[in-house]
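The values are calculated or read from the model by the stated rules, or taken from the named source; none is laboratory data. Everything numeric here is computed off the predicted structure, so don't read it as measured data. Quick reminder, even Gly has a Cβ in these numbers, built from the backbone with ideal geometry, and neighbours come from all protein chains shown. Only protein heavy atoms, including side chains, enter the accessible area calculation; ligands, DNA and RNA are left aside. Shrake-Rupley method; radii C 1.70, N 1.55, O 1.52, S 1.80 Å.
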Amino acid sequence: MKALVVYDSVFGNTERVAQAMGEALASQGEVAVVKVTDARPEHLSGVDLLLVGSPTRAFRPTPALMGWIKALPAGALSGVRVAGFDTRISTEDANSAILRFFVRLFGWAAPDIDKGLVRKGGVQAAPPEGFYVAASEGPLKPGELERSTAWAQRIGAAR
Ligand SMILES: Cc1cc2nc3c(=O)[nH]c(=O)nc-3n(C[C@H](O)[C@H](O)[C@H](O)COP(=O)(O)O)c2cc1C
């Protein structure tokens, strides 16, 4: 298996999750973990599993991450197993009722990532998943890094 993890990150939390996923997949084959701003077309060459993650910012992925997906040529992910993930703040921790209301209404980044990847021909390997930060700039909530490791391991193993 050749896996690629592409991520964006502002405060480093999504980066930590992406790196943990990369370490989890390393036992199952070749893996590269690349920040979206460094991702080049050749990174996708021969890849059969692509995990893509972003912080949820205003209910969406970052513009850089979504721009990268949209710029992929049509069919670029044909036959590639794909899964989207994000980091997000849990609605119990969001300290405003208005924010909680909008989060429930507009959702998170991972479903948009998932849709974008499938639109480019990717085959959904797992439903979109979110990992929780304790406050806006992090850190990740206890156990989330372990949960992201298990998530990636499970996807890598299911072929
Ligand atoms: C400007 C801004 C907007 C945000 N919008 C959301 C949001 O809509 N939903 C959410 O769950 N978290 C939101 N957050 C919290 C981010 O998801 C959190 O900063 C992110 O998970 C941290 O990841 P990073 O360290 O990789 O940047 C927002 C944070 C900032 C600073």
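Worth pointing out:
- Residue in region 35-48 that is among the acidic types (D, E) and within 13 Å of the ligand (Cβ to nearest atom) present: no
- Condition check for E15: at pLDDT 95 or above, open to solvent by 40 Å² or more (accessible area, probe 1.4 Å) and under 22 Å from E144 (Cα atoms): yes
- Test: residue in region 92-101 that is open to solvent by less than 80 Å² (accessible area, probe 1.4 Å) and under 12 Å from the mean Cα position of the chain (by Cα): no
- One residue stands out among those in region 106-159 that are open to solvent by 30 Å² or more (accessible area, probe 1.4 Å) and assigned to a strand (DSSP E or B): the one that is farthest from the ligand (Cβ to nearest atom), which is V123.
- All conditions but one from (1) within 24 Å of V31 (Cβ to Cβ); (2) modelled with pLDDT under 95; (3) of a type in the set (A, V, I, L, M); (4) buried (at least 21 other Cβ atoms within 10 Å of the Cβ) apply to I69; the one that does not is (2).
- Test: residue in region 52-64 that is farther than 19 Å from V31 by Cβ, of a type in the set (A, V, I, L, M) and either more than 13 Å from the ligand (Cβ to nearest atom) or crowded, with 18+ Cβ neighbours inside 10 Å (or both): no
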